[in-house]
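J.: Mind looking over this structure? Questions follow.
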Amino acid sequence: MQPIVITADNFEEKVINSPKKILVDFWASWCGPCKALSPIVEEIAENADDSYLVGKVNIDDNRDIALKYKVMSIPTVILFENGEEKKRSVGLVAKDDLLELLK
């Protein structure tokens, strides 16, 4: 499964009201480290089991979401559970580091 494209229009439905944990990648098209992290995020999404989902928020198109969650540097990956931020990773990290957020 591909990551869910998350926007201001569907953020509440896809993230806040998600019945599963959701790992959300905050990124931008001009960000080199984001481009490097993207295949890792996509691989995690493709291998997702029934316990979690993966989504992506383009911060250029959804500044309000980035501001609300104080995303100051990208890439930032936030794990949401029951509509609340549980864990966060900032910068280019290894796949294992992102998988650790899900534990």
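Just so it is clear, none of the values below were taken in a lab; they were calculated from the coordinates. Predicted model, so just to flag it, every value in this text is computed and none were measured. We place every Cβ from the backbone using ideal geometry, glycine too, and count neighbours over all the protein chains shown.
J.: Report, for the chain, the % of DSSP beta bridges that are antiparallel, rounded to 5.
T.: For the chain, the DSSP antiparallel bridge percentage is about 50.
J.: Is there a quick way to get the dipole size of segment 5-70? I mean about its Cα centre, with the Cβ of Lys and Arg at +1 and of Asp and Glu at -1; what is the value in debye to the nearest 20?
T.: The calculated dipole for segment 5-70 is roughly 300 debye.
J.: Another question, if that's okay. State, to one decimal in nm, how far the label point of residue 92 lies from the label point of residue 42, with both points 7 Å from Cα in the Cβ direction.
T.: Using points 7 Å along Cα→Cβ, the separation is 1.7 nm.
J.: Given the options 89, 3, 48, identify the residue whose Cα lies farthest towards the positive end of the charge dipole of the chain (+1 on Cβ of Lys, Arg; -1 on Cβ of Asp, Glu).
T.: Comparing the listed Cα positions along the dipole, 89 ranks first.
J.: Next question, about the same structure. Let me know the shape class of segment 58-103, please: from the alpha-carbon gyration tensor, a ≥ b ≥ c as square roots of the eigenvalues, rounded when a/c is under 1.5, otherwise prolate if a/b is greater than b/c, or oblate.
T.: Because a/c hits 1.5 or more and a/b fails to exceed b/c, segment 58-103 counts as oblate.
J.: Okay, next question. Can you tell me how the chain classifies by the Cα gyration tensor, rounded, prolate or oblate, using a/c under 1.5 as the rounded cut?
T.: rounded
J.: At a Cα cut-off below 15 Å, give the aspartates and glutamates reachable from residue 35, other chains included and same-chain residues fewer than 8 away excluded.
T.: List returned: 25, 43, 60.
J.: What relative contact order, as a whole-number percentage, does the chain give when Cα pairs under 8 Å and 6 or more residues apart are counted? Intermediate results must be reported in sequence, preceding the final value.
T.: Values: 181 pairs, mean separation 38.2, N = 103.
Result for the chain is 37 percent.
J.: Still on this model: Between 11, 26, 80, find the one with the highest GNM mean-square fluctuation for the chain; connect C-alpha pairs within less than 10 Å.
T.: Highest fluctuation among the options: 11.
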